[in-house]
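This report concerns only the one structure given below.
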Amino acid sequence: MESIKQIYKIGYGPSSSHTMGPRKAAVLFRDRTPGAARRTVTLYGSLAATGKGHLTDQAILEELQPDAPCEIVWQPEIFLPFHPNAVRFEAFDTSGNKTADETFYSIGGGDIIKEGENRQTSANVYDMHTIHDIQAWCDRTGGSYWEYVDHCEGSDVWDYLQTVWQVMKEAVERGIEAEGVLPGGLGVRRKAVSYFVHAAGYSPSLKSRGLVYAYALAVSEENAGGGKIVTAPTCGSCGIVPAVLYHLNTSKGFSEQRILRALATAGLFGNVVKHNASVSGAEVGCQGEVGVACAMAAAAVSQLFGGTPAQIEYSAEMGLEHHLGLTCDPVCGLVQIPCIERNAFAAARALDANLYSAFSDGRHSVSFDRVVEVMKRTGHDLPSLYKETAQGGLAAVSGPENKV
């Protein structure tokens, strides 16, 4: 299992799979084809179906167009076998002869792999890849999940997580100050500032919930506007983990060191899902994005409030289990409706999962690992129109004319 640094990627929205991944592939292909006279880029499947809404073409052209003319070809009806998000790059010389031809897959969370490569392309850092085994390590050694991360990753992971936390905080703070309409044509206004202001007028418990909503909206709106965020585990679900941690940091006074440990725990749970299933909405639906982010946040919160390894696992399990079957149905292919609102609800649900777990001894019937297996099977059983193609669900009945 690879480093949790692959779960937390710093970049610009609105989509890890449709924006960050294709941009990375474009840079790789550009650097491998110096002197090309022109290039052609073909987008397939889900990458083509919602690419314009996710700014896929803009991300690619920004990297390739300054170097040589580039044409984008859209093939939303063609799904290549390995993954729904496929992109083919071709380079040509001045005589029109093809000089290079490479296909990449954007597999979620900003990760890409070249056709023919193994799915895991970075170094193996963890010798265990199930929560069952990691929890047994915790019970045997007396350690916690974050200590297992430290054990496997080494001390340099903390500097990286410090940078991640700083970017998360900045995204929250920019988002609760920003106003106006998000780009894309849906007419969606930013709501974070309104929720933040209104929260002050409620009783303490309702104020707390309102602030969590505001922080999740703030980061998600920053992402939708193309702002700088951290995948956790994706761009589309990037508001959930920062919302709960920022809220607990500012309202409960948890130290930054404890926040970083909570981030490590969250990253470990997200990493297990990514290794054993997927965090790609195009592959398994929104359960792999918002559902996994909720599980990560629930694990982080449970650790901050002193949960045992069993209670932390239970919190994460509930965060994912109760998002099973969640479809990815972005209206007009934009990471706005229902994505932004889902981040706010999932952040609140993560806090509820921790509370529910805290009342228990951590013992329960369905393990986190089993839910990950179910999520993977459920995602593969979902028809493609419910997996980021903007052809089913809310995307099929909503649009600009509705101003949803």
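Computed from point charges on the beta carbon alone (+1 for Lys and Arg, -1 for Asp and Glu), the dipole magnitude for the chain about its Cα centre is near 740 Debye. Spin-label model, residue 139/residue 359: points 7 Å from Cα along the beta carbon direction are separated by 2.5 nm. Within the chain, the percentage of alpha carbon pairs spaced more than 41 angstrom apart rounds to 12%. The average projected area of the range 136-232, computed from the convex hull of its Cα atoms over all directions, is 9.0 nm².
Atom-type composition of the exposed protein surface of the chain places 50 percent of the accessible area on carbon and sulfur (1.4 angstrom probe).
So, with +1 on the Cβ of K and R and -1 on the Cβ of D and E, and no other charges, what is the size of the charge dipole of the range 333-404 about its Cα centre, to the nearest 20 debye?
Values: 8 positive and 8 negative charges, 11 e Å.
With only Lys, Arg, Asp and Glu charged at Cβ, the dipole is about 60 debye.
Please sort 290-298, 380-388 by packing, taking for each peptide the average over its residues of neighbouring beta carbons within 10 angstrom, highest first.
Result, highest mean Cβ count within 10 Å first: 290-298, 380-388.
Give, as ranges by residue number, the residues of the range 79-116 whose backbone N falls under 19 Å from the point 7 Å along Cα→Cβ of residue 380. In the range 79-116, the label zone of residue 380 (backbone N under 19 Å from the point 7 Å along Cα→Cβ) covers 79-86, 106-108, 116.
Hey, quick one: spin label on residue 124, modelled 7 Å out along Cα-Cβ, who in the range 270-298 has an amide N within reach, i.e. under 20 Å? Once the point is set 7 Å along Cα→Cβ of residue 124, 270-278 turn out to lie under 20 Å by backbone N, inside the range 270-298.
Treating the beta-carbon of each Lys and Arg as +1 and of each Asp and Glu as -1, no other charges, what is the dipole magnitude of the range 251-404 about its Cα centre, to the nearest 20 debye? Intermediate results must be reported in sequence, preceding the final value.
Working: 12 positive and 15 negative charges, 55 e Å.
Dipole about the Cα centre, nearest 20: 260 debye.
The helix-only estimate of mean residue ellipticity at 222 nm for the chain, built from DSSP H runs of length n ≥ 4 each weighted as -39500 (n - 2.57), is -15500 deg cm²/dmol after division by the residue total. Its alpha carbons considered, the range 85-124 gives a radius of gyration followed by a Dmax of 13.2, 44 Å. Average accessible surface for the range 178-220: 51 Å² per residue, computed with a 1.4 Å probe over protein heavy atoms with every protein chain in place.
The values are calculated or read from the model by the stated rules, or taken from the named source; none is laboratory data. Only a predicted model underlies this, so the values are computations on that prediction, with no experimental measurement involved. Counting neighbours? That spans all protein chains shown, and the Cβs are built from the backbone with ideal geometry, glycine included. Ligands, DNA and RNA are stripped out before the accessible areas are found, and what is left, the full protein with its side chains, is counted by its heavy atoms. Shrake-Rupley method; radii C 1.70, N 1.55, O 1.52, S 1.80 Å.
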